[in-house]
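Read the structure below first, then the notes.
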Ligand code: HEM
């Protein structure tokens with residue numbers, strides 16, 4: 001059986017997708033100079049003064065004093081030290097390469113070209129540690145920017161974003177903290193999501209246990225959505241550009257990295273890796289696999305991208321998706337529900353679809369506001385053409401809903417005519433938005449306004 005743990009993550013009903021304990025806030029003292037750079041780096045430091053990234057050209061000077069810790073790194077065995085080292089080198093690599101793009105953006109409103117050679121005192125230990133973890137040597141969502149980067153301010157309190165802070169930062173401003181710590185916050189409900197996913201997969205011939213798991217699945221997605229919605233207050237949309245450039249990838253961002261990135265002292269040829277993105281989070285892919293939305297993904301570049309992003313996750317997460325997919329394929333959910341005409345199970349599944357829709361539609365509103373209204377740069381940090389891709393996945397949810405509704409009958413919980421009315425509103429919203437977007441000179445504000453006009457605004 002493939003492992004679901006790597007000593008840092010353990011994908012189970014206790015930990016969900018969060019690390020098994022709080023990540024290290026600092027590196028061990030043997031990496032003092034590296035830790036100092038991480039602390040001095042943010043545009044705004046913890047003490048409120050400007051850091052290295054506040055000045056054009058400073059990071060290029062600062063990294064010259066960094067020793068090459070390759071020999072030390074090779075001795076490390078502890079998963080938490082390895083994760084913290086990967087995080088530190090990821091931050092340093094992105095800060096060093098993307099600092100010129102950030103400063104050009106401040107001056108001109110356009111991202112300039114990045115530094116395209118990573119010096120060996122960064123690249124050699126970075127690639128070594130990436131190989132030990134089994135991930136690409138570039139800032140990722142799991143070990144580096146998000147899940148492996150939090151510490152609790154008050155250890156007695158929970159995972160609400162306001163009690164979380166970042167161990168390593170780029171801008172150092174509160175909007176960066178709110179943005180990425182909210183991703184951690186949302187994952188506080190992932191243990192129940194994993195529990196319900198295994199529950200659905202394993203209750204093949206037991207209707208009551210299937211219904212119990214489906215109910216937990218839908219309820220957990222609802223809680224996840226409630227936390228997701230808090231993004232609007234955790235991070236102000238106008239401030240997304242303060243840190244966005246630092247999470248860009250090499251792949252798909254030709255304007256920033258036209259020639260890829262040379263890892264000096266490691267590879268002669270340039271490398272291309274995708275950037276950090278919430279699309280590396282596991283909640284929605286898990287929901288899609290369990291609920292069957294994945295069977296309605298269109299066959300296009302977006303689907304290829306989402307599947308490519310599986311490789312940008314820890315191996316234990318990739319194993320989890322593989323096992324779950326196999327289980328769900330061996331006994332497709334809708335077939336199980338229709339075979340016994342399990343109307344209650346169908347109702348729970350429809351509730352889960354509603355939540356997946358609300359997640360994706362709310363998330364689409366994030367994209368409209370945080371990205372489309374802030375910049376004309378049409379590439380997302382993961383390197384995708386934003387506008388055309390995000391709505392595709394909403395359509396996949398519509399198809400799954402339609403298919404399920406064909407099997408459902410009126411009951412105490414669910415009335416078809418009412419459901420159709422609300423479904424048509426959702427379809428109308430997306431169609432109208434796509435109509436506006438089909439014109440080159442579209443106004444992002446009018447796309448956003450439609451959410452409210454049709455009564456589907458996210459807040
Ligand atoms: C202001 C907040 C956010 C913005 C601006 C945003 C932006 C984006 C963009 C542009 C993409 C396109 C793919 C790419 O990265 O290249 C994307 C994809 C994605 N994001 Fe986000 N995101 C935000 C918050 C979140 C959060 C909080 C989560 C979940 C924890 C999340 C989960 C996803 C997922 C699962 C995808 C893949 C597309 C899908 O399956 O529908 N995002 N996001």
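Where a number appears in this text, it was derived from the coordinates with a stated rule and is not lab data. Computed from a predicted model, the values in this text were never measured in an experiment. Counting neighbours? That spans all protein chains shown, and the Cβs are built from the backbone with ideal geometry, glycine included.
Structure values in brief
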| quantity | calculated |
| --- | --- |
| Ranked 143, 312, criterion: other C-beta atoms within 10 Å, fewest first | 312, 143 |
| For region 26-57 and region 161-236, distance of Cα centres in Å | 31 Å |
| Degrees separating the helix 174-186 axis from the principal Cα axis of the chain, which is the longest one | 40 degrees |
| Nearest-ten-degree value, helix 79-108 long axis tilted from longest Cα axis of the chain | 80 degrees |
| Relative packing of 236-249, 53-66, which averages over residues the other C-beta atoms within 10 Å, highest first | 236-249, 53-66 |
| Degrees separating the helix 207-228 axis from the principal Cα axis of the chain, which is the longest one | 50 degrees |
| FRET efficiency, residue 64 to residue 308 (Cβ-Cβ, R0 51 Å, nearest 0.05) | 0.90 |
| Residue exposure sequence - 384, 33 - by fewest surrounding Cβ within 10 Å | 33, 384 |
| Residues 71, 140, 154 arranged by fewest to most Cβ contacts within 10 Å | 154, 71, 140 |
| Segment residue 255-residue 373, length gained on full extension (0.36 nm per residue, minus Cα span) | 40.5 nm |
